[in-house]
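Okay, structure first, notes after.
The values are calculated or read from the model by the stated rules, or taken from the named source; none is laboratory data. On a predicted model such as this, the values are computed, not experimentally measured, just so you know. FYI the Cβ positions are ideal-geometry reconstructions off the backbone, even for glycines, and counts take in every protein chain you see.
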Amino acid sequence: MKYAFGVLLCSLAGLRGAMPLLAQNDLDQRVAKELDSLVATYKHLHENPELSTQEKESSALVAAELRKIGYDVTDHFGQYDSPGLISYGIVGVLRNGSGPTVYVRTDMDALPIVENTGLPYASHVKVKRADGAEVGVMHACGHDIHMSVFLGTARMLAQLKQQWSGTLVMLGQPAEETVGGAHAMLRAGLFTKFPKPDYVLALHDGSDLPAGKVGWHEGSILAGADSVDIIVRGYGGHGAAPQRAKDPILIASEIVVALQTIVSREMDPQIPTVVTVGSFHAGTKHNIIPDEAHLQLTVRTMTPVQREKVLAAITRITKGIAAAAGVPADRAPIIEVAKDNVPATINNPELTRRVAAALERGLGKENVLPGEPAMASEDFSLYALEDPKPPICMFHLGAADPAKWQAAKETGARLPGPHSAEFAPVPEPTIRTGVKAMTSAVLELLKK
């Protein structure tokens, strides 16, 4: 009798251990059935990209698919600062009993880049900007992968409703690249008009990891970003009589050089910081000293305290150099920090550890790696700042061809990544891994 009871206990223990594997096999099979459709959707989105605030067709595709699956969909949600600008934001809600509310967010916009991948489904889209210039359009930041994974996750979780309880909100966000989409959706009352989130999740693909792998990181995973404009004002004059002028080009050049000391001499070398002057415009002719020079900077920081310190240093250095050059106070440089800045994306530690454990169960420990912070930025960070200030977590999704990734690691060969005209994710393994990863994470947070 004791022996039989012991055998029964061992059998039950074996069943308990087998349950996650059985569930995982079920997820694998379900993803496999959807993969051809998701890859076809990806190629269509890649071939038909739309710029920020112009995501009309992409938004319609995502909204229609969510409705087909059974989500309660609100489209055209969001409110931009600019009057008359339409938001193509999407909110899809799937209620499944009592429990937490999880938001899953995707971005939808593309970049003004002429594609140079040579892919059979490469984008040939060109549009005219407001100034009349024609620009190419490309999904060079992988938002087409994000949308495809998003739709695959929506399908999986609708099919697996018996495995979770709570509310799932699928969030299609426009205008991530211009840092306006999250602002617009939050301004329109995202967290008051729809169920309040207990957790908000997102992923981002890239070439830092091979397809089939994901990476996670607690704390600051992406930098905060500020755009800074500096107008250096002097007094113009003849190039042959510089003593009668206050040359703003020379002053601005000294400022550019001095700004480099902020990172090298004022910041903790163990905390990543970037101060880049990306644009320098001045003058019209060889022999004319202009009245002004215009600098444009991007600033990347990982904490609010660090951000304030860097911006204060930029102001101090800029005004100090101008004053040292003899520029009077009424001609001091004008320094403007853009309002649409984004703070660092800071993954909630507790949530991130739960997500990482779910990723390991869903993908296998060998496919889940500790990630590294990056100096790129994302407006995903804004969702953590709006009441009820939910914990957020973004994880990395590998998208590089594994052989090319290995060659780059071993030989230093160039491997194009996001914002490159040659960025080309490997669709099938990337989408498969992304859907399994995000579905596993949501199932963990909404488990019965």
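Kindly establish whether A211 is among the aliphatic types (A, V, I, L, M), assigned by TED's automatic domain parsing to the domain that holds Q306 and at pLDDT 95 or above.
Against the criterion (among the aliphatic types (A, V, I, L, M), assigned by TED's automatic domain parsing to the domain that holds Q306 and at pLDDT 95 or above), A211 does not qualify.
Using the structure shown, decide if V435 is of a type in the set (A, V, I, L, M, F, W, C), surrounded by fewer than 24 Cβ atoms within 10 Å (Cβ to Cβ) and closer than 24 Å to F150 by Cβ.
It is false that V435 is of a type in the set (A, V, I, L, M, F, W, C), surrounded by fewer than 24 Cβ atoms within 10 Å (Cβ to Cβ) and closer than 24 Å to F150 by Cβ.
Can you go through A374, A437, A403 and tell me which one is modelled with pLDDT of 95 or more, under 20 Å from V214 (Cβ atoms) and either of a type outside the set (A, V, I, L, M) or in contact with a Leu (Cβ under 8 Å, 6 or more places away or on another chain) (or both)?
A437
Return yes when E176 is under 26 Å from V442 (Cα atoms), at pLDDT 95 or above, in contact with a helix residue (DSSP H, G or I) (Cβ under 8 Å, 6 or more places away or on another chain) and crowded, with 20+ Cβ neighbours inside 10 Å and no when it is not.
So E176 fits the description; yes.
Given region 186-305, what strands (runs of 3 or more DSSP E) lie entirely inside it while holding 2 or more residues that are touching a helix residue (DSSP H, G or I) at 6+ places or on another chain (Cβ under 6 Å), surrounded by 21 or more Cβ atoms within 10 Å (Cβ to Cβ) and at negative phi?
It comes to 199-210, 214-216, 224-233, 292-301.
Among the listed residues A110, A130, A63, identify the single one that is more than 23 Å from N341 (Cβ to Cβ) and among the small types (G, A, S).
After ruling out the rest, the residue left standing is A63.
Can we say H139 is surrounded by 15 or more Cβ atoms within 10 Å (Cβ to Cβ), more than 28 Å from L445 (Cα to Cα) and within 21 Å of the chain's Cα centre (by Cα)?
yes
Step by step: first the residues of region 104-155, then only those that are part of a helix (DSSP H, G or I) and of a type in the set (D, E, K, R), then the one that is nearest to P197 (Cα to Cα). Which residue is that?
R155
Show the residue pairs meeting these rules: Cβ distance below 6 Å; 6+ apart or different chains; first residue within region 46-61 and in the same structural domain as C141 (by TED's automatic domain parsing) and under 15 Å from P112 (Cβ atoms); second residue among the polar types (S, T, N, Q) and assigned to a loop (DSSP other than H, G, I, E, B).
These pairs meet every condition: P49/S123; S52/T178.
Within region 124-181, track down each residue that is within 21 Å of S58 (Cβ to Cβ) and aromatic (F, W, Y).
Once the filter is applied, which keeps residues that are within 21 Å of S58 (Cβ to Cβ) and aromatic (F, W, Y), region 124-181 yields only F150.
Return yes when G78 is surrounded by fewer than 15 Cβ atoms within 10 Å (Cβ to Cβ), out of contact with any Leu (no Cβ under 7 Å at 6 or more places or on another chain) and over 22 Å from D205 (Cα atoms) and no when it is not.
When the stated conditions are applied, G78 does not pass them.
On the basis of being over 22 Å from V169 (Cβ atoms), in the same structural domain as Q159 (by TED's automatic domain parsing) and part of a helix (DSSP H, G or I), does K68 make the cut?
Against the criterion (over 22 Å from V169 (Cβ atoms), in the same structural domain as Q159 (by TED's automatic domain parsing) and part of a helix (DSSP H, G or I)), K68 does not qualify.
Only one of A403, A399, A407, A413 is assigned by TED's automatic domain parsing to the domain that holds A23 and in a strand (DSSP E or B). Can you tell me which?
Of A403, A399, A407, A413, the one residue that is assigned by TED's automatic domain parsing to the domain that holds A23 and in a strand (DSSP E or B) is A399.
Restricting region 152-173 to residues that are over 23 Å from P390 (Cα atoms) and among the aliphatic types (A, V, I, L, M), which is surrounded by the most Cβ atoms within 10 Å (Cβ to Cβ)?
In this case the residue turns out to be M156.
Report every pair of residues separated by at least 6 positions or lying on different chains whose Cβ atoms are under 6 Å apart, first residue within region 228-240 and in the same structural domain as I317 (by TED's automatic domain parsing), second hydroxyl-bearing (S, T, Y).
I230/T318
What pairs can you find where one residue is in region 241-266 and free of Cβ contacts under 8 Å to residues at least 24 places away in the same chain, the other is among the hydroxyl-bearing types (S, T, Y) and crowded, with 16+ Cβ neighbours inside 10 Å, and their Cβ atoms are less than 7 Å apart, with a gap of 6+ or different chains?
V263/T273
Please enumerate the residues belonging to region 313-339 that are part of a loop (DSSP other than H, G, I, E, B) and closer than 17 Å to I262 by Cβ.
P333 - this is the single residue of region 313-339 that is part of a loop (DSSP other than H, G, I, E, B) and closer than 17 Å to I262 by Cβ.
Search region 62-73 for residues being touching a residue at least 40 places away in the same chain (Cβ under 8 Å) and out of contact with any Lys or Arg (no Cβ under 8 Å at 6 or more places or on another chain), and hand back the single one that is farthest from A184 (Cα to Cα).
Looking at residues that are touching a residue at least 40 places away in the same chain (Cβ under 8 Å) and out of contact with any Lys or Arg (no Cβ under 8 Å at 6 or more places or on another chain), I get G70.
Would you confirm whether any residue within region 397-420 is surrounded by fewer than 16 Cβ atoms within 10 Å (Cβ to Cβ), within 21 Å of the chain's Cα centre (by Cα) and under 20 Å from A110 (Cα atoms)?
yes
Cβ-Cβ under 6 Å, sequence separation 6+ or interchain: first residue in region 398-416 and closer than 16 Å to P427 by Cα, partner outside any helix (DSSP H, G or I) and of a type in the set (D, E). Which pairs?
Correct list of pairs: A399/D205; P416/E422.
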